[in-house]
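Reviewing the structure listed below.
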Amino acid sequence: VKGYFNVYPSYKVPKVAGQNATFLENALKGYRDGTRTHETMKANTANLSDQDIADIAAFFAAEKYATEEASNPQNASLVALGKEKSASCAACHGAAGIAANPMWPTLAGQHPSYIINALESYTDGRRNDPTMKGMAAGLNADDRKALAAYFASLSGGVQSLKMPEKIK
């Protein structure tokens, strides 16, 4: 749902259209199986079979709706700092924020508030990926904000679904 916010902590829910199916499938299984924590997502996935999850992941991965215009932060220096700090992110998430490996999420075009929340989640233990926990550990709030601004400013990545006219 375009512009939808998670209630607490408050952040825009992630854009999933165009993400890698493998990444989406692993994330959904993680919510279902308890290795990823988010009460709403746990409830939404609790009764899904592996085939259900594969079908949902394939659906969202195949969505090719027009992307929203990439975020254009007013502070170009923040984006530049984020680009500078993103060098270590490129190995998994791609130099332009588009993951080449289907195991990892694409970050280009993602909501800044979602990226900030995800990085904070690795730092405070709400997410337990050892690699990301180590990567996020050295980031302060300004670093997270800069990285989020940079990745959000990139186009060609994750997309927002547009509601078909007949459903609006």
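Key figures for this structure:
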item: Odd one out for residue 158 among (1) crowded, with 18+ Cβ neighbours inside 10 Å; (2) at pLDDT 85 or above; result: (2)
item: Cross-chain or 6+ apart pairs with Cβ under 7 Å, region 50-63 first and buried (at least 18 other Cβ atoms within 10 Å of the Cβ), then of a type in the set (Val, Ile, Thr); result: 60/16
item: Pick from region 16-44, criterion open to solvent by 60 Å² or more (accessible area, probe 1.4 Å) and part of a loop (DSSP other than H, G, I, E, B), ranking: nearest to residue 101 (Cα to Cα); result: 35
item: Residue pairs meeting the criteria (Cβ under 6 Å; at least 6 apart or on separate chains; first farther than 14 Å from residue 59 by Cβ, in region 17-30; second part of a loop (DSSP other than H, G, I, E, B) and at pLDDT below 90); result: 30/36
item: Count of residues meeting criterion [hydroxyl-bearing (Ser, Thr, Tyr) and at pLDDT 90 or above] in region 27-70; result: 3
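The values are calculated or read from the model by the stated rules, or taken from the named source; none is laboratory data. Not measured: the values here are computed from a predicted model. Please note: Cβ atoms are built from the backbone with ideal geometry, for glycine as well, and neighbour counts cover all protein chains shown. To get the accessible areas, we keep the full protein, side chains included, count just its heavy atoms, and leave off ligands, DNA and RNA. Shrake-Rupley method; radii C 1.70, N 1.55, O 1.52, S 1.80 Å.
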